[in-house]
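Colleague: Handing you this structure, nothing more for now.
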Amino acid sequence: MDNQKGKILWIDDEIEMLRPHVILLKQRGYEVDTATNGEDAIEMVKSQHYSLIFLDESMVGITGLETLPVLKSIDPTTPVVMVTKNEAESLMEDALGSKIDDYLTKPVNPAQILLAAKKFLESSRLEEEKFTQVYLSGFTELSRKMLDNLEWNDWVEIYTKLVSWSLELDRMPNSALKQTLEDQFKDANAEFSKFVENNYVNWIQKRYSEADPVLSPHLLDVHLQPMLNEGKNVVMFVVDCMRYDQWLMMQQIISPFYTFKTNFYCAILPTATQFARNAIFSGLFPADIKKHYPQWWSSDTNSEDHKLNAYEKELMEAWVERRRIKLKNKPAYVKIFDTEFGQKIERDIHQFKNNQLTAIVINAVDMIAHSRSDYAILKEIAPDESAYRSLTKSWFQHSSFLGMLKTLSSFKDLKVIVTTDHGSIRCMRGVKVLGDRDTSTNLRYKFGKNVKAENRHAIQLSRPEDFRLPSQGITVNNIIAKEDFYFVYPTDFHHYINRYRDSFQHGGVSMEEMIVPFIELNPR
């Protein structure tokens, strides 16, 4: 008997009347045992594992409802489908309360029985087969599309499709398509890097138009200013280093409270907090921040992020003033670095509902990314992309951020925004870089005297002003890593190659870092 489809136990005191159904299941490849009472069934479950149990509700001796909790205590993983003549709502509630997995009403027909068996014993296989068909068809289409002359919106579509497939495969951890999708991500990032290299300077050297991507300095002008001009109260969360796939994990949890409108913008280069987040709050490119607000710009790229972004509140207030936005009250700004402070803001979040503009920066996701590189236990907990998403979801489920969003959902006239300054990429390939001791330490971009790496792995910037970055001297070069490469010095090359391989970094050119979401949350 081929029992690969699973082993079924059918418990019914009139089992002979159901013999045609039992024969049908066996013909379809299932192994089926039967029992005519709860006592015998309990002993059978004690001695062997069943993949599915059909349980009659009304039997001589102990009833189905009495048998059910005993079966569940022996093996809580086995799904139990109750079969009953009684359609009373109270019975169904008792059954569901006793952790019944499904129920069928007698008289049952062959289609019902087969559907139940497939649902619990073959749904994973059927789902994977269907996904494989859809993916292979989409794979060919996407591969062909990447060879076309693409625009920004085309790349957003490609990236979101790849992310969607990734999340589908998370439910199929043993799928042979996992490596295929990883390879397609790598190919897409290679083409995306060429696209950015060919177009980025054009985007940033002219005023924003609808044909171009919204860039970090345009973000508040395009999406936030219209809300403020309409007099709406807005709470804007900026989650440092949040990728689109990580947001989707959060969205699943918060969806009972909100509906969502998602737009995508392009994080500026380098995709690092000092540049990207300051550009958001100021509405300016880094070179312009340094020019107009030198007191709020640090040229020390090796400083800690919280020092490099110490003046976001002042930059945001200056943006409001330059845009001549008439707010009802002074804008509020909060930066959350630790759990205790986050819990305090969660308790007090209702106090911001009457502010016309509140900005809250959350650093937890960025801390997860960096901590994974520093602590072996986190890399063990999140060894791949799927587990990294799961780790993000676990954090969010227990975070003050979730509590804040839940509370804010009760204020129906409040506009809630979630966005980020940049994403991150899992770096898998090291490339040798040359530079002096004063070269910046970031693994995805470097500023320094005569710093250089292979052209095919990095964008070389001999003139930072072309990227609207502050000039740091004639001899200072700038290099930005492409795809999933990271920079390593020749000294102790193999040690650092191994240390930083498979770490999540940001600063460079990739879809994950540059194609980032801006989400409007509307309370349900």
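Values in this text are rule-based calculations from the coordinates and carry no lab data. None of these values were measured; they are calculated from a predicted model. Here the Cβ is made from the backbone with ideal geometry for all residues, glycine too, and neighbour counts use every protein chain on show.
Colleague: Between Tyr489 and His49, with labels modelled 7 Å along Cα→Cβ, what's the label distance in nm to one decimal, could you check?
Modeller: 5.3
Colleague: Out of residues 5 or more away from Ile268 or on other chains, whose amide H comes under 5 Å of its own, with H placed 1.01 Å from N in the peptide plane?
Modeller: Result for Ile268 returns Ser216.
Colleague: Right, next: Show me, for the range 249-266, the HN-Hα J-couplings you get by feeding each phi into the Karplus relation (A = 6.51, B = -1.76, C = 1.60, θ = phi - 60°), rounded to Hz, glycine and proline as x.
Modeller: 5, 5, 4, 4, 7, 8, 4, x, 9, 9, 9, 10, 10, 10, 10, 10, 10, 10
Colleague: Any idea what the dipole of the range 255-407 comes to, in debye rounded to 20, about its Cα centre with Lys/Arg Cβ at +1 and Asp/Glu Cβ at -1?
Modeller: Charge dipole, the range 255-407, about its Cα centre: 860 debye, nearest 20.
Colleague: What nm distance separates the two modelled labels at Asp338 and Arg19, each placed 7 Å from Cα along Cα→Cβ?
Modeller: 7.4
Colleague: What list of ³J(HN,Hα) couplings, whole Hz, do you get for the range 423-430 from phi and the Karplus terms 6.51, -1.76, 1.60, once you set θ to phi - 60° and write x for glycine and proline?
Modeller: Listing the rounded values in order: x, 8, 10, 6, 7, 10, 10, x Hz.
Colleague: Roughly what angle does helix 123-145 make with the longest principal axis of the chain, taking Cα atoms, 0 to 90 degrees, to the nearest 10?
Modeller: 30
Colleague: Would you mind computing, in nm to one decimal, how far apart the modelled labels at Glu66 and Leu147 are, each placed 7 Å from Cα along Cα→Cβ?
Modeller: It works out to 7.1 nm between the two label points.
Colleague: Here is a follow-up. If you plug each phi of the range 29-46 into the Karplus form 6.51 cos²θ - 1.76 cosθ + 1.60 with θ = phi - 60°, what whole-Hz ³J(HN,Hα) values come out, in order, with x for Gly and Pro?
Modeller: x, 8, 8, 10, 10, 10, 9, 9, 7, x, 4, 5, 4, 4, 5, 5, 5, 5
Colleague: Still on this structure, please answer the following. Tally the DSSP beta bridges in the chain and give the antiparallel ones as a percent, rounded to 5.
Modeller: Here the antiparallel bridges make up roughly 40 percent for the chain.
Colleague: Which value, in debye to the nearest 20, gives the size of the charge dipole of the chain about its Cα centre, when Lys and Arg are +1 and Asp and Glu are -1 at the Cβ?
Modeller: Dipole size: approximately 2320 debye.
Colleague: Something else now. State to the nearest 20 debye the size of the charge dipole of the range 429-501 about its Cα centre, where the only charges are +1 on K and R beta carbons and -1 on D and E beta carbons.
Modeller: 120
Colleague: Okay, next question. Projecting each Cα onto the charge dipole of the chain (Lys/Arg +1, Asp/Glu -1 at the beta carbon, about the Cα centre), which of Ala318, Thr140, Ile515 comes out farthest on the positive side?
Modeller: Ala318
Colleague: Another one. Can you give the convex hull volume per residue for the Cα atoms of the range 429-501, as a whole number of Å³?
Modeller: Convex hull of Cα atoms, per residue: 81 Å³.
Colleague: Also, I was wondering about something else. Check Tyr445: other-chain or 5+ apart residues with amide H under 5 Å from its amide H, H built from backbone geometry?
Modeller: Ala481
Colleague: Considering the dipole of the chain built from charges on the beta carbon (Lys and Arg +1, Asp and Glu -1) around the Cα centre, which of Ser400, Val222, Ile23 is farthest to its positive end?
Modeller: Working it through, the farthest residue towards the positive pole turns out to be Val222.
Colleague: Set the Förster distance to 60 Å, then compute FRET efficiency between Lys449 and Phe260 from the Cβ-Cβ distance, nearest 0.05. Let's see the in-between values first.
Modeller: Details: r = 47 Å, r/R0 = 0.78.
Working from the Cβ atoms, E equals 0.80.
Colleague: Further question: If you average the C-alpha positions of the range 355-399 and of the range 324-349 separately, how far apart do those two centres end up, in angstrom?
Modeller: Result: 21 Å between the Cα centres.
Colleague: If you average the C-alpha positions of the range 186-229 and of the range 1-43 separately, how far apart do those two centres end up, in angstrom?
Modeller: 61
Colleague: How long is the gain from Thr441 to Thr132 if the chain were fully straight, where each residue apart is worth 0.36 nm and the alpha carbon distance is subtracted?
Modeller: This chain segment gains 107.0 nm when fully extended.
Colleague: Further, regarding this structure: Applying a 10 Å radius around every beta-carbon, put 124-136, 194-206 in order of their mean neighbour count, most first.
Modeller: 194-206, 124-136
Colleague: Provide the percentage of antiparallel DSSP beta bridges, counting only those with both residues in the range 429-501; round to the nearest 5. Before the final figure, lay out each step's value.
Modeller: On the way: 11 of 15 bridges.
The answer is about 75 percent antiparallel.
Colleague: Still on this model: Working out 0.36 nm times the residue gap between Ala376 and Asp413, then minus their Cα-Cα distance, what length gain in nm do you get to one decimal?
Modeller: Length difference between fully extended and current span is 8.8 nm.
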